[in-house]
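The values are calculated or read from the model by the stated rules, or taken from the named source; none is laboratory data. Since the model is a prediction, treat every value here as computed from it, not as a measurement. In this analysis, Cβ positions are derived from the backbone assuming ideal geometry, glycine residues included, and neighbour counts consider all displayed protein chains. Surface accessibility is based on the protein's heavy atoms, side chains included, excluding ligands, DNA and RNA. Shrake-Rupley method; radii C 1.70, N 1.55, O 1.52, S 1.80 Å.
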Amino acid sequence: MPTISHKGKNMPESPIRKLAPYADSAKKQGKKVYHLNIGQPDIKTPEVAIEAVKNIDLTLIEYSPSAGYESYRKKLAKFYQRQNVNVNTEDIIVTTGGSEALLFALATITDPGDEIIIPEPFYANYHAFASSTSATVVPLVSTIESAFALPSIDEVEKLITTKTKAILICNPGNPTGYLYTEAEIKQLAGLIKKHDLYLIADEVYREFLYDGDDEHFSVMNLDDVQQNVIMVDSVSKRYSMCGARIGCLVTKNKQVLATVMKFAQARLSPPTIEQIACEAAIDTPQSYFDEVISEYKSRRDTLITELNKIDGVIVTKPKGAFYCIAQLPIQNSEDFAQWLLESYDLNGQTVMVAPAAGFYSTPGMGLNQVRIAYVLNKEDLITAVNILKEALIVYNKK
């Protein structure tokens with residue numbers, strides 16, 4: 001029988017999705033499963049995007065340009081400019097989700113064995129993207145005790161070697177909800193300038209901020225390292241359009257753009273229908289976002305309040321995105337997560353969580369932690385956390 005490639009064998013499974021068969025089995029048994037494991041918002045997609053799809057008048061669904069429709073890119077640039085983010089139309093390549101943008105970025109800047117420094121815990125698919133491009137992830141450990149704050153810049157610099165090509169951050173962060181300050185971003189900028197590295201910033205959750213005067217500082221607004229900066233973005237969370245699979249890669253570096261375009265041409269084009277929806281979505285009124293942010297803030301506060309009622313649980317209050325990492329009074333969260341779906345229910349109900357070890361690159365980290373996405377309404381969150389509380393009691397007695 002022909003063999004599988006080493007790259008294929010080493011491709012990591014998604015810690016978010018690999019428990020899906022157990023959830024499916026639980027549902028077939030009649031259990032209600034509360035999904036705290038995946039960042040699929042239940043917020044309605046803006047009506048302007050839905051109407052744009054309903055009213056499409058095409059006789060042919062043709063390829064779009066490899067860089068995406070110019071009309072969409074122009075409108076997207078104006079959207080960023082309204083947010084005081086330094087982006088122009090020619091800086092943007094439309095991609096099939098933010099995932100493809102990250103994949104293209106890593107494929108463009110790394111050769112096999114090159115290193116990417118990533119603060120951990122990090123979005124699990126970063127590991128998959130690095131594996132796909134034969135790059136090596138070098139984890140920068142942050143801890144729950146420090147609320148997952150960026151370690152000192154000296155600690156970051158210690159990880160830089162002759163193989164280092166980039167530092168990759170998610171701001172605000174998935175899975176921690178950590179928000180980088182402008183000062184931290186500028187410290188990283190000084191480091192990449194000193195060592196001539198790239199700074200890749202996943203800014204998918206830029207609007208999802210909840211506390212007072214907190215502001216998002218985009219890497220596109222760094223003045224003296226424009227050639228070293230790559231931004232990744234997506235419509236998935238902003239407009240609750242995860243299934244549209246439209247994202248973008250943004251940079252002022254023309255050589256990077258030209259190389260990314262070769263990868264874009266190889267996959268032909270981003271989806272046509274979805275770009276029409278996304279272009280329309282840019283006209284979403286501010287009132288939509290005001291309501292969404294208010295709702296998520298309320299959900300975050302509810303979740304953290306309820307989790308803090310459970311003995312032995314440690315959780316920090318996320319400043320952005322819609323995730324948190326919770327440390328549970330258990331030894332192995334993957335075993336616990338599977339047990340919740342296979343062997344436990346409370347009045348016919350159970351919960352699905354994402355084991356956090358899959359969000360770390362350092363072996364042994366996150367074994368007693370889970371990522372929780374607060375994408376359910378407040379009543380369901382309260383119910384789900386109560387199930388989690390009772391489940392922990394039963395689990396720790398077995």
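In region 228-249, what count of residues is obtained for those that are touching a Phe, Trp or Tyr at 6+ places or on another chain (Cβ under 7 Å) and more than 16 Å from THR45 (Cβ to Cβ)?
Within region 228-249, the subset touching a Phe, Trp or Tyr at 6+ places or on another chain (Cβ under 7 Å) is 228, 230, 237, 249.
Restricting the remaining residues to those that are more than 16 Å from THR45 (Cβ to Cβ) gives 228, 230, 249.
Matching residues across region 228-249 total 3.
Quick one: LEU209 ticks every box in (1) open to solvent by 10 Å² or more (accessible area, probe 1.4 Å); (2) out of contact with any Gly (no Cβ under 7 Å at 6 or more places or on another chain); (3) touching a residue at least 60 places away in the same chain (Cβ under 8 Å); (4) under 29 Å from THR284 (Cβ atoms) bar one, so which box is it?
LEU209 satisfies every listed condition except (2).
Quick check: is even one residue across region 181-196 open to solvent by less than 30 Å² (accessible area, probe 1.4 Å), in a loop (DSSP other than H, G, I, E, B) and modelled with pLDDT of 95 or more?
There is no residue in region 181-196 that is open to solvent by less than 30 Å² (accessible area, probe 1.4 Å), in a loop (DSSP other than H, G, I, E, B) and modelled with pLDDT of 95 or more.
Could you check, for region 60-70, whether at least one of its residues is at pLDDT 95 or above, surrounded by 17 or more Cβ atoms within 10 Å (Cβ to Cβ) and part of a helix (DSSP H, G or I)?
no
Table: residues versus (1) touching a residue at least 40 places away in the same chain (Cβ under 8 Å); (2) among the hydrophobic types (A, V, I, L, M, F, W, C).
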{"residue": "MET241", "(1), (2)": "yes, yes"}
{"residue": "VAL250", "(1), (2)": "yes, yes"}
{"residue": "GLN255", "(1), (2)": "no, no"}
{"residue": "ALA258", "(1), (2)": "no, yes"}
{"residue": "ALA264", "(1), (2)": "yes, yes"}
{"residue": "ALA280", "(1), (2)": "yes, yes"}
{"residue": "ASP283", "(1), (2)": "yes, no"}
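Please find, within region 332-369, the residue that is least open to solvent (accessible area, probe 1.4 Å) out of those that are on the phi > 0 side of the Ramachandran plot and among the small types (Gly, Ala, Ser).
That would be GLY366.
Looking at the structure I just gave you, is VAL219 open to solvent by less than 30 Å² (accessible area, probe 1.4 Å) and within 28 Å of PRO12 (Cα to Cα)? Spell out how you get there, then give the answer.
Values: open to solvent by less than 30 Å² (accessible area, probe 1.4 Å): yes; within 28 Å of PRO12 (Cα to Cα): no.
In short, no.
Give me the pairs, please: first residue somewhere in region 178-190 and in contact (Cβ under 8 Å) with a residue 60 or more places away in the chain and closer than 17 Å to THR143 by Cα, second residue anywhere and loosely packed, with under 14 Cβ neighbours inside 10 Å and among the charged types (D, E, K, R), beta-carbon distance under 8 Å, and either six or more positions apart or on two chains.
Listed by first residue and then by second, the contacts come to LEU179/ASP214.
Yes or no, residue by residue, for (1) at pLDDT below 95; (2) farther than 22 Å from VAL53 by Cα; (3) surrounded by fewer than 18 Cβ atoms within 10 Å (Cβ to Cβ); (4) touching a His at 6+ places or on another chain (Cβ under 7 Å):
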{"residue": "VAL250", "(1), (2), (3), (4)": "no, yes, no, no"}
{"residue": "PRO270", "(1), (2), (3), (4)": "no, no, no, no"}
{"residue": "GLN275", "(1), (2), (3), (4)": "no, no, no, no"}
{"residue": "ARG300", "(1), (2), (3), (4)": "no, yes, no, no"}
{"residue": "ILE314", "(1), (2), (3), (4)": "no, yes, yes, no"}
{"residue": "GLY320", "(1), (2), (3), (4)": "no, yes, no, no"}
